[in-house]
Amino acid sequence: MLPESMHFEYKVEGGNFSAAGFPSSQVKKTLKQLNVDGNVIKRTVVALYEAEVNIVAHAYRGVIAVDIDTEKIVIRLTDEGPGIPDIKKAMEIGYSTATPAVREMGFGAGMGLSNMKTNADKLSITSEVGKGTIVEIINYFHP
């Protein structure tokens, strides 16, 4: 049985690829302990990991807030970074602004935002150039 509500926060450091994946693995562990449906866990963790890696690859720092209640998981990622000048363009498969160094590490293939959209029941992205980006991912436990 799910608790009425849970809240977690994680700080993400830009450029720190060795720590990338920690928040998503913690959320996965929590959702498994709560006996959430495996498909919901998988979709949530994929969307979160993609968003998390975007903070590491593109921003100076960020915060991930995760709220779990009896109906849904709401993940809000807020970063301080360059922002996304054209969100519609950034949603295109294969479009990436990743640096060559990020690409050499195996990231920046231009699949992150489209993978987030595919694995989220609701996805919202707002961004201000020169300030940062806010991504909200919502997944429901029941259709």
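Observations on the model:
- Within region 1-48, tally of residues that are in a helix (DSSP H, G or I), within 28 Å of Tyr60 (Cβ to Cβ) and of a type outside the set (Lys, Arg): 12
- The condition of being surrounded by fewer than 15 Cβ atoms within 10 Å (Cβ to Cβ), out of contact with any strand residue (DSSP E or B) (no Cβ under 8 Å at 6 or more places or on another chain) and more than 24 Å from Ala19 (Cβ to Cβ) holds for only one of Asp69, Asp86, that being Asp86.
- The listed residues are Val45, Val12, Val40, Val27, and the only one of them that is closer than 15 Å to Val74 by Cβ, surrounded by 12 or more Cβ atoms within 10 Å (Cβ to Cβ) and touching a residue at least 60 places away in the same chain (Cβ under 8 Å) turns out to be Val40.
- Total residues in region 48-86, condition touching a residue at least 60 places away in the same chain (Cβ under 8 Å) and among the hydroxyl-bearing types (Ser, Thr, Tyr): 1
Computed from the coordinates by the stated procedures, all read-outs in this text should not be read as laboratory data. Computed from a prediction, not measured in an experiment: that's the story for all the values here. Every residue, glycine as well, gets a Cβ built from its backbone with ideal geometry; the counts of neighbours run over all protein chains shown.
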